[in-house]
Each structure stands twice: as structure tokens, then as C-alpha cells.
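Below is one structure, written out as C-alpha cells; the observations come after it.
The values are calculated or read from the model by the stated rules, or taken from the named source; none is laboratory data. Source: prediction; values computed, not measured. Don't worry about glycine lacking a Cβ; one is built from the backbone with ideal geometry, like all the others, and counts go over all protein chains shown. Heavy atoms of the whole protein, side chains included, go into the accessibility calculation; ligands, DNA and RNA do not. Shrake-Rupley method; radii C 1.70, N 1.55, O 1.52, S 1.80 Å.
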Amino acid sequence: MKFTLDWLNQYVDTEGLTAEQLADHLTMLGLEVDAVLPLFQDLADLKTARITTAVPHPEADRLTLCQVAVGTETLQIVCGAPNARAGLATVVALPGTILPGNVKIKKSKVRGVESCGMLCSERELGLSDSHSGIMELPEDTEHGQSFIKAMGLEDTLIEVDLTPNRADCASVIGIAREIAGKIHRPLRLPVQNAQVAQTSRAFTVDVESSELCPRYAARLITDIKIGPSPLWLRNRLSVIGLRSINNVVDITNFVMMEYGQPLHAFDFDNLENGRILVRAPRAEETTFTTLDGMERQLTPDMLLICDGKRPVALAGIMGGMNSEVTETTTTVLLESACFNSVSIRKTARRLNLATDASYRFERGVDPEGVCNAMDRAVQLFCEFAGGKAEENGVDVYGGKLPLKSLTLRVSRTSDLLGISLSAEEIQELLESIGIRVKQKDGDTLWVNPPSFRMDIEREADLVEEIARLYGYNNIPVSLPEVHLSYPEQDSSRLKRAEIRRFLTGIGFSEAINYSFSNEKYIDLLCLSANDKRRKVVRLLNPLSEDQAVMRTLLLPGLLENVNRNIRFQKTAVKLFEIGKVFQPTKEGQQPEEITRIAGVLCGNRHGYSPILHFREEDVDVLDAKGAVEFILRQMRLVLDIDTDSLRFHQPTDDEIEPFAVVGQALDLKQGDTLLGSLGKIRADVLRGFGIKHDVYYFDLQLDLLCTMKASPKAFSALPVYPAVKRDIALIVPMGVAAGDMVQAIRRSGDALIEDVSLFDVYQGKNIKNGCKSVALSITYRSATKTLTEKNVEKSNTKLVSLLTEKFGAHLRDA
């Protein structure tokens, strides 16, 4: 939006404020100022002049030898303009002056006669395209003055970048209203509260859709004389980038920029049947030629202005060639209307036709300002085009909306802005920009936003207006109070992050799958009918049938990941996922969200490491068990064999997961609480997922693991004395778990035992049926001395006796 300081002063007195200060005010009001440019500085050296005598040039028929008075000097200038005559007030460029286009004026001889300057036309000064003669200034203009001061051209251009919601500021009066409210000075309007008193009989207006055209007003002006606009009007338009056409078109453009209301003038004699009809295109109306001479393709959703037979304008965008104002026009029908912003935007985009009118209609035009702008233009037609306006007109207002009414709380306003404001102060601020306010009580105001403020829809919008008008710089700045304490972090989140880091460190990759799942996975995993994981949360609007329910297990997504890897010939897979599963609760309540960690292992134990370093061997159930032990060890959760402790438990046939292989599965428990499971997945289950390789899994309830108390961290110094290792092989019944034997040794209480590990379990030759051989490696070390053979043998004998008594074991002979 462009305007000049002098233009702004027609509506609000800005005396005492510089252009820069006004720009600061506008910026703080939320209207970003892009540029502040002094105008016509390249014409500052020009002077007003008066031709005292004008005689033909002695050596040229088309040149005139003029004596020109410029202040106290009289200069001789040769001029070729046909309107050069004695007594004419005009403008002169003296020697040394540089005109627009970098034209430097010098003393010179023209056909042997000295010429001391140049009398200028409007085109040579860049004021217009007129080059029919030199400029003719008002007769009472004194010579010798600065040209730009004498003609009122000493001005400043201000350009404002508007946001889409501030359509009210797409006019000079809208900008003036903001400034008037800020500096507390009255707003002067050329026309206000205008109405069409009676309906004209000279023409008719019909509107098919009041939704697409809420209001359409028109008036008839006769005896129009088409001609050039006055200099002040041409200057107003030229400085903001609009080309002067003729007095009628210029006036409609001027009022559009003044009020923000686009207008259009039709040559009434070219309107069939003296009728205006606002409607959509008919089936046979497929093209329309606009004022720019372009043929536009019409679609059924566009809006047209038509006469009794044909379209004459694209509503809100551009008029047509068949009704434009020309030099022969004598009667004008002036249109002032309000069109649907969405309709205009769609039409302008489809036709790739953006105009100043469409810019305003797209953002919203004040329907209550239609008649004000129309009457203002009619006044100017009568004054500068010699027109006679018919007193009556037509105003079709079928889309009138009720006045918006909002409630504003004084206390809420003060709380949001951080300042104390009274109801009277708030009322004064809002009324300064045309918002009607009435006090209901000490804390409540009734507010009626004006029709031109379509962006004000709720209480928060009013608070923003108050902040703008009060001044953002006047609101005190206070730093927020920050307590110097380290923020407490979610311990479960930290543990999940650690587990991710540790598992990726031992060769796992993390998978992240959708929480939406396919219900068929429940059947593929062979879950029993009474398994609570069969109860799913269904989505009301699923993305697809494959994502119709919320998952109750992480395992199906991981198996799909394994299948995808195998199809890409990546058979060595170690994946884990930490995510939520969802269990339905009572009707109308949100589902229960449980965080679990699950993993799958498939193929070569060492991944894709070179066989030079590792031989190829497939993973087994012990790899899955080792991954779980690793997780528990990193969480400092201690495994034990007591029934109340955290332990592995071999499930019975009734307890085992339905998708796990019997004899190759373990449960993780604490007391009677099931914390998870691990094992080998059945081959028939894997085939349902398209997998032919062996896959092992683990699935733990991470929420419960994170709530368990971790063993304290303890520091121990590096050993000083050497360790001694002893291996023992024991024959034990088949039902004895080797892990229980390891735990028994660790809990024996012998101070010399540093570590114990299982390194072999054997069944076969030389081992009687119903028994197995378990080989253990035991490390002995003392913190105070070097162990002797006697010390080690004594402890070793005690351990053998312990295992023999507790598990029915005896030493293996060979």
C-alpha cells in the first residue's frame, strides 16, 4: 500500500510529525513500513517562469524565440512547443540542471540564436506521458519559485507492507484512521453515512446470489466530458504507480485508493436495456474480452456483471471492452459493490489476472462503505468531469450481516498485557479507531467491531488492538523468574535412551514402526481366544485396512521388518524396538498405553563380519537370553534363583507364549509378576509372515523394569594379587538347571570366589540316561594375599560338596 504524506494529511493532521516518525508509529501499530522516499528530488532545481514575449525564430518556422522571466532575470530561450505564448506561466530548466533520464541542460545556439535553458513538458519531467506542449501552470503562479514547492510536489512517499488480515488498511483513509487513533487527533472523512434514498427508474440492478455479491450499488451520471485529469489528481496516481487514463477512470482509481472500495464506470449507452445483472456465466458464454484486450476463458463458478444481453465485466477484477469509457462517453453508470472474497480469489488465480481491485476484494471489502465511496466519486465526477448526477440510484443489499458483538473483560486484558488498565482507558483506545464500546459493569465491556474490521472475531483480537494502540514500547519489560535448579528429568526416558545406546553397541539396530497395526497379526501369532491382547482399540478413520487397530504387541512389526530384510538378501538381522502397545479400558476412556521393548534375532550370530575373524554360526535361544541379561545388567537389575527375586523361569505348556517353541522359551518374572518372555518362534508362525529362517525373540515390559530398584553402584580397586582358575565337571540330573548351579556358587558366601561361568553342557557317551554333564569355570582371588594351592583346594572342595548336596551331583570321572 503506497501513499504520500500530503495525501494522508487530507484526512488527519500530522503537523509536528516527520515522515520517519509516522513510519515508526505505523510499524509499532503492526503495519510494516517498507520504504520512506522523498518525491521529485530530481526536479528540485527547476524554477517557475513566465514568458514575457514570444516571436517566431528568424531561421526556423516551427521554433519560437521567447523572453522568459525567472525571478529577477530575463532569459532568452528557443522553444519548439506549439503552445509557447506571451503571458504563459510554465517551468524552466536553467543551464546546469539535470533532468530525469540524466539529460543535462546547457547554454547552446539553436539555428544561430543563443538559448539559455529549456521550457519543459510533463513527459520531459516524468510527470506524465503528455508531450503536446510545455507545461501550463496556473496564471497566478509567481515566477522564480522552486517548481516542486509552487506545485505542491514536495512530498514523501510511504510504502506499507500489509498482512492479509488488515484489509481495512488497503486505503489511505484506513492508514489515516490508524494514525489518528495513535496520535489522538480527529479523522476527517470526505463522505460518510451516505445512502441511496430512492431507487432510480433509469436503470435496474438484479443479483442472482447475495452470497457471491452481498451488496451492489450504482448511480447514473450524465453530461460527462471526458478529458485529462487535473494535475494534482494525476500526480496522486503517478507517485503510487498508477497511470493516468482520463478524468473518469482516474477518479475511480483515486477513490479506490482513498476508501479501499474498488469502483467501475460503465459507458451507459453501451449497456443493453439499461440493466445490470450479477450472475454466473451461461452455458454458451465461454469467453470474455477484458479491458486489456485479452480473451479470457470462463468457467461456471466465476461471477460476471452483465447487461440485458451479455457480460460486460468480470466481477471485482476487470471490466470489458464492450462497455469501457471512451472519449465519446457522455453518460456513466458507476458501480460500487461488495463481492465474495473466495470467489474473486479463485477467479483471479484461474485467469492469472491480478488487479488492484481483486487485491482488495480478495482480502475483504467493507459492505457498509460501498455508498460512501460511490458518493465521493460522484462528487468528483461533477467537479472535474462536468457531470450531472441523478439524485436516485440503486442499492441491492441482500447479504447484510448482523453487527458483531463481543464481550471484553478488563481484568483479562490487564492480565494478558501485564499492565493495569481501567475500563475508561480501554474504551478510549478502542473508540479512537472507530470501535463502538459500551460499559456493562466495572469489569466488562460490550464491544461492536465496525464492519471494516473483519479480522476482529474474539476477545483476544480486541486485546491485541489495545496493545497496539497503547504502544508495545509502553508495556514494561520484565524477565521471567528462573529458579537456579537443575530440571528433574524423567528417569524412565533416560533409561530408554541408555538401553538404545547399549543395544546398538552390541550389534542391534533400532526399528520404529507405526502404532497402527493389522488385526490379522493376532491370528498369525496364534493367540488364544481369551488372551487380552486380542482386545484391540479400533480407529474411527483408519488410513487403510492394514492400519485399522492400535497394536497390542511389538513383535508383528519386527517380524515384518525381518521379512523385508530377507527379501533384500539381508538374512543376518538383529532388531529391537522400544514403543507403546495399547490396551482398551472402559468405554469412553482412553486406552492404557504400556511401554515395551522387543527384539528379534535371525541368521549369522556375527552379522556380516569377515569370516577371517569369526566363523559363521547362527544365533540360538542363548543369544536372545544373553541380550535380555545384557539389558538387565545395564539397568543394574540383579538376577537370582529365589522365587521372589528377578529370575528366568521355564514356562509350562500352559504358560508358554503360543508362538514360541516348547523347550526353547523362558519367562522373566519377579515373584508371580510376568515381566516378559524370550525364545524361538514357531516355524508355522514365521511362515505366516513369509519367513523361512529361524527367528528368536525377546519381549519385555519396560515400564515395570524401569520402576524396579537398581542395585547401587559400587567402586572396587583393580586387583593386586593374581587369580587362580579351577574347572569342575559334575554329573547332575537332567532336571537341574545349570543356571541354578551358577547362582548357588555365587551365593555360597565364599570370599575367595571372584567369578563363575558355565562353559559346557554335555549329554551322550559315558553319561547315563537321565543325567547330563555340566562344566563350570571358577575364578578365585584374594584382595590381601597371593593364594596358595591349599587355599584354593579348600574352597573348591567346599563348593563341590555344596553342589553335591543341593543338586544331587557328583564329579565326572572322564
Check: Given (1) out of contact with any Lys or Arg (no Cβ under 7 Å at 6 or more places or on another chain); (2) open to solvent by 20 Å² or more (accessible area, probe 1.4 Å), where does GLY308 come up short, assuming only one miss?
Finding: (1)
Check: With THR90, THR141 as the choices, which residue is open to solvent by less than 30 Å² (accessible area, probe 1.4 Å), among the polar types (S, T, N, Q) and outside any loop (DSSP other than H, G, I, E, B)?
Finding: THR90
Check: Across the stretch 754-783, what is the total count of residues that are hydrophobic (A, V, I, L, M, F, W, C), open to solvent by less than 60 Å² (accessible area, probe 1.4 Å) and more than 14 Å from ASP727 (Cβ to Cβ)?
Finding: 2
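The rows are residues; the columns are (1) assigned to a helix (DSSP H, G or I); (2) open to solvent by less than 40 Å² (accessible area, probe 1.4 Å).
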{"site": "LEU668", "(1), (2)": "no, yes"}
{"site": "VAL685", "(1), (2)": "yes, yes"}
{"site": "GLY690", "(1), (2)": "no, no"}
{"site": "TYR696", "(1), (2)": "no, yes"}
{"site": "LEU705", "(1), (2)": "yes, yes"}
{"site": "LEU718", "(1), (2)": "no, no"}
{"site": "ILE728", "(1), (2)": "no, yes"}
Notebook entry, point to check: Of the residues LEU351, LEU334, which single one is in contact with a His (Cβ under 8 Å, 6 or more places away or on another chain) and surrounded by 15 or more Cβ atoms within 10 Å (Cβ to Cβ)?
Noted result: LEU334
Item checked: Where a residue in the stretch 487-500 is under 16 Å from ILE512 (Cβ atoms) and its partner, wherever it lies, is among the polar types (S, T, N, Q), with Cβ under 9 Å and at least six apart -> ARG496/THR595; ILE499/GLN634
Check: Could you say whether any residue in the stretch 42-49 is open to solvent by less than 10 Å² (accessible area, probe 1.4 Å), of a type outside the set (Val, Ile, Thr) and modelled with pLDDT under 90?
Finding: yes
Checklist line | Count of the stretch 533-555 residues which are within 16 Å of ASP699 (Cα to Cα) and either under 37 Å from the mean Cα position of the chain (by Cα) or open to solvent by 50 Å² or more (accessible area, probe 1.4 Å) (or both) | finding: 4
Checklist line | Residue ID - surrounded by the fewest Cβ atoms within 10 Å (Cβ to Cβ), chosen from residues in the stretch 517-532 that are of a type in the set (A, V, I, L, M, F, W, C) and without any contact (Cβ under 8 Å) to a residue 40 or more places away in the chain | finding: ALA529
Checklist line | Hits in the stretch 271-283 (condition: crowded, with 18+ Cβ neighbours inside 10 Å and under 14 Å from ALA202 (Cα atoms)) | finding: LEU271, ILE276
Item checked: Flag if GLU793 is surrounded by 10 or more Cβ atoms within 10 Å (Cβ to Cβ), among the acidic types (Asp, Glu) and over 30 Å from SER677 (Cα atoms) -> yes
Margin query: Out of everything in the stretch 50-65 that is of a type in the set (D, E, K, R) and in a loop (DSSP other than H, G, I, E, B), what residue ends up being most open to solvent (accessible area, probe 1.4 Å)?
Written below: ARG62
Item checked: Matching residues in the stretch 607-663 - criterion: being touching a residue at least 24 places away in the same chain (Cβ under 8 Å), in a loop (DSSP other than H, G, I, E, B), open to solvent by less than 30 Å² (accessible area, probe 1.4 Å) and hydrophobic (A, V, I, L, M, F, W, C) -> VAL619, MET635, LEU637, PHE659
Note to self: With out of contact with any Cys (no Cβ under 9 Å at 6 or more places or on another chain), assigned to a loop (DSSP other than H, G, I, E, B) and either modelled with pLDDT of 90 or more or crowded, with 16+ Cβ neighbours inside 10 Å (or both) as the only criterion, which of TYR486, TYR514 stands out?
What the structure shows: TYR514
Next item on the list: Test each condition in (1) in contact (Cβ under 8 Å) with a residue 40 or more places away in the chain; (2) surrounded by fewer than 16 Cβ atoms within 10 Å (Cβ to Cβ) for ILE466 and report the one that comes out false.
Entry: (2)
Notebook entry, point to check: Restricting to the stretch 453-483, what's the tally of residues that are in a helix (DSSP H, G or I) and among the hydrophobic types (A, V, I, L, M, F, W, C)?
Noted result: 6
Notebook entry, point to check: Which residue pairs have Cβ atoms closer than 8 Å, lie 6 or more positions apart in sequence or on different chains, and pair a first residue in the stretch 743-766 that is more than 19 Å from PRO719 (Cα to Cα) and β-branched (Val, Ile, Thr) with a second residue that is open to solvent by less than 40 Å² (accessible area, probe 1.4 Å) and in a strand (DSSP E or B)?
Noted result: ILE745/ILE753; ILE745/VAL756; ILE745/LEU776; ILE745/ILE778; VAL761/LYS772; VAL761/SER773; VAL761/VAL774; VAL761/ALA775
Margin query: Consider the stretch 93-113. How many of its residues are crowded, with 18+ Cβ neighbours inside 10 Å and within 18 Å of LEU127 (Cβ to Cβ)?
Written below: 4
